[in-house]
Amino acid sequence: MFRDFTGAFVDRHDGVADLVFSEFAEDIRAVFEHRLDDMGCFVESGVGNLFGGEDGEGLDDEGLFVEWLEVEAFAKFLGDRGDLGGRGFFTETDGGGDKDDGGEQDKSFHLEISKEKDLRWGILFYAMNRRSLLKKSALFGAPFVLPSNVWGADANGKVNVGFIGMGKRSQGLIREFFRQPEVRIVAVCDVDTNRREDAKKKVDAHYKTNDCAAHLDFRKITTDPAIDVVVVVTPDHWHTIQILSAIENGKDVYAEKPLTHNIRESVLLMEAVKKSGRIVQTGSQQRSSREFRVACELARNGVIGKIDHGFVNFGGPGKPCDLPEEKAEPGLDWDLWLGPAPERAYNSILAPRGVHSHYPMWRMYTEYGGGMITDWGAHHLDIVQWALGKDESGPTAAKPPAKQGEGKGAAVVYDDITITHGQGIGVHLVGANGEIQVTRGKFALKVDGKNVASHLKKGGKLGAELDKAEEAYLTDSKVKLYRSPGHVRDFLDCIKSRKQPITSAIIGSRSINVAHLMNLAYQHHTDIAWDPIKNTFAKGAKHPLEWLGRSYRDKWKI
């Protein structure tokens with residue numbers, strides 16, 4: 001029920017979301033002493049695996065680090081202290097009574113360790129009710145039961161949400177939207193019958209109704225006047241078309257990264273958002289994570305001096321699709337899955353049937369995605385943009401790797417700062433006086449040859465190391481970056497305020513353009529001079545403009 005390091009609540013049930021973290025934050029911190037950082041993430045030594053590793057252990061299906069080791073660590077913490085005798089889950093029992101009334105001590109506090117989710121509830125109850133419980137008994141002798149309606153979603157549905165694309169990523173996102181009290185999901189859409197029907201069942205079960213609409217065609221979502229917000233979680237080649245359709249119909253949009261398939265789409269999307277005034281949040285959620293914000297604030301405040309160069313590390317570029325034809329099963333609208341992409345025969349690697357538990361590999365083929373350059377580059381290159389203060393601009397050049405066909409070694413150049421792909425951890429910036437390294441759950445700062453803070457290996461406390469960096473250099477810093485309450489929460493807050501969110505369509509488009517440029521350098525193995533303000537090749541460059549876009553099937557031309 002606590003936030004992971006992106007600020008997202010990581011419990012698997014409906015919750016009280018921001019109510020818990022805002023109103024009861026001090027109690028939560030008091031309970032865990034220094035075992036949580038200020039995003040609510042477990043940072044106690046011994047739960048290092050919570051943060052996973054380069055092989056992905058500890059990741060949930062959203063790519064967030066929520067390993068159950070945090071549960072085990074807290075159980076041990078309770079046992080060591082004697083609080084609840086190692087028990088943490090509150091359940092209402094029959095016949096219990098207050099000792100002062102002559103009844104037996106209520107057995108409201110017990111735990112079945114095998115049910116990991118129960119312990120999370122216990123942690124939450126313990127944190128929320130610590131004050132009142134401690135007044136009654138030093139060892140929780142008196143019963144305390146919250147009314148059941150505290151945990152329900154807002155039945156009035158102040159913000160009606162429609163989801164497009166019900167695959168692997170949407171399974172995590174839909175839970176996050178469930179947790180927001182003002183949200184009601186009213187419609188889902190997928191070209192696969194099984195996924196569509198499964199999503200409807202989950203939504204109906206959550207709200208205990210049979211009201212969720214299930215559509216084959218995304219336009220049923222984007223043109224529905226009853227829908228306020230559209231969530232786009234489809235393959236990359238569909239993103240821009242669906243976002244534009246939603247904007248044209250007066251919707252605000254939460255769209256998964258990468259926001260666009262190519263640079264021309266980025267330009268069109270930025271123009272549409274500026275003209276319409278709609279709120280669009282890009283699903284590059286690292287900006288809502290403390291370690292990335294701190295890293296970027298350090299860079300922006302000159303803590304490591306003038307930045308000379310840096311590195312980003314993620315997988316390589318995509319390639320044209322060469323998969324063989326397979327027999328298509330009934331229940332999938334393959335033509336609608338392809339949409340604007342070239343017509344070709346079905347293959348299950350592109351569109352696995354039914355409710356699957358992996359991320360499909362369409363992303364590795366240029367007709368539908370941009371390989372890992374756009375898939376993970378959308379995250380880490382976005383952080384480079386933030387750290388260098390380039391949200392309204394971008395690089396001035398892209399360079400290919402030393403040898404044609406290599407999957408690492410390309411670079412983007414920001415005037416005199418070269419960022420090279422394929423080395424180190426997620427983002428590594430090197431300045432005249434030091435260096436910053438950051439990726440999910442990891443962070444290090446070195447200044448003048450001294451390790452100021454370091455959390456790069458398993459174990460230790462990420463929050464404590466971030467505290468060191470902030471206390472040393474950011475207490476009175478001039479540059480203070482946007483502090484997000486959580487990526488989805490930030491989006492919904494901005495819908496109300498009409499302010500642009502932390503990763504707006506402008507930011508998301510410009511950041512993904514950096515990845516698109518890197519892909520062009522890989523694909524064509526040539527230097528590219530770039531005008532980041534006009535979002536086109538620099539004056540005098542002789543590259544064809546066709547590189548900036550793609551061919552669309554007739555009915556899906558933008």
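The values are calculated or read from the model by the stated rules, or taken from the named source; none is laboratory data. Everything numeric here is computed off the predicted structure, so don't read it as measured data. Here Cβ is always computed from backbone atoms with ideal geometry, including for glycine, and neighbour counts include all displayed protein chains.
Take the residues in the range 247-265 that are among the hydrophobic types (A, V, I, L, M, F, W, C) and part of a helix (DSSP H, G or I); name whichever of them is surrounded by the most Cβ atoms within 10 Å (Cβ to Cβ). Steps first, please.
Our first condition is that a residue be among the hydrophobic types (A, V, I, L, M, F, W, C); within the range 247-265, this holds for 247, 253, 255, 259, 263.
With the extra rule that they be part of a helix (DSSP H, G or I), the set shrinks to 247, 263.
On the way: 247: 23, 263: 25.
Residue satisfying both the conditions and the ranking: 263.
Here's the yes/no breakdown for (1) charged (D, E, K, R); (2) on the phi > 0 side of the Ramachandran plot:
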| position | (1), (2) |
| --- | --- |
| 451 | no, no |
| 470 | yes, no |
| 519 | no, no |
| 540 | no, yes |
Inset, instruction - Check residue 471 against each of (1) among the charged types (D, E, K, R); (2) at pLDDT 95 or above; (3) over 17 Å from the mean Cα position of the chain (by Cα); (4) buried (at least 17 other Cβ atoms within 10 Å of the Cβ) and name the one condition it does not meet. - result: (4)
Legend entry - Number of positions in the range 262-292 that are over 21 Å from residue 531 (Cβ atoms) and within 22 Å of the chain's Cα centre (by Cα): 15
Inset, instruction - Report whether or not residue 538 is of a type in the set (Gly, Ala, Ser), over 24 Å from residue 422 (Cα atoms) and either loosely packed, with under 15 Cβ neighbours inside 10 Å or in contact with a Pro (Cβ under 8 Å, 6 or more places away or on another chain) (or both). - result: yes
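In the range 411-427, what residues are of a type in the set (A, V, I, L, M, F, W, C) and either in a strand (DSSP E or B) or over 24 Å from the mean Cα position of the chain (by Cα) (or both)? Give the derivation first.
The first filter runs over the range 411-427 and keeps only residues of a type in the set (A, V, I, L, M, F, W, C), leaving 411-413, 417, 419, 425, 427.
Of everything in the range 411-427, those that are of a type in the set (A, V, I, L, M, F, W, C) and either in a strand (DSSP E or B) or over 24 Å from the mean Cα position of the chain (by Cα) (or both) turn out to be 411, 412, 413, 417, 419, 427.
Out of the residues in the range 529-558 that are in a helix (DSSP H, G or I) and acidic (Asp, Glu), state the one that is nearest to residue 516 (Cα to Cα). If you could, list the steps in order and put the result at the bottom.
Of all residues in the range 529-558, those in a helix (DSSP H, G or I) come to 545-548, 554-556.
Now narrow it down to the ones that are acidic (Asp, Glu): 546, 554.
Details: 546: 13, 554: 24 Å.
Of everything passing the filter in the range 529-558, 546 is nearest to residue 516 (Cα to Cα).
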Inset, instruction - Tell me which residues, restricted to the range 201-217, are closer than 14 Å to residue 166 by Cα and within 23 Å of the chain's Cα centre (by Cα). - result: 202, 203
Legend entry - Which numbered condition residue 315 misses (of (1) of a type outside the set (A, V, I, L, M); (2) crowded, with 21+ Cβ neighbours inside 10 Å; (3) assigned to a loop (DSSP other than H, G, I, E, B)): (2)
Legend entry - Residue list for the range 267-307, restricted to those being of a type in the set (A, V, I, L, M), farther than 30 Å from residue 475 by Cβ and in contact with a strand residue (DSSP E or B) (Cβ under 6 Å, 6 or more places away or on another chain): 273, 279, 280
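In the set 253, 294, 303, 312, which member is at pLDDT 95 or above and within 30 Å of residue 228 (Cβ to Cβ)? Walk me through it before giving the result.
Values: 294 fails: within 30 Å of residue 228 (Cβ to Cβ); 303 fails: within 30 Å of residue 228 (Cβ to Cβ); 312 fails: within 30 Å of residue 228 (Cβ to Cβ).
After ruling out the rest, the residue left standing is 253.
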Inset, instruction - For the range 287-302, enumerate the residues that are within 10 Å of residue 484 (Cβ to Cβ) and polar (S, T, N, Q). - result: 288, 289
Legend entry - Criterion: loosely packed, with under 14 Cβ neighbours inside 10 Å, touching a residue at least 60 places away in the same chain (Cβ under 8 Å) and under 25 Å from residue 371 (Cα atoms) - qualifying residue of 510, 553, 498: 553
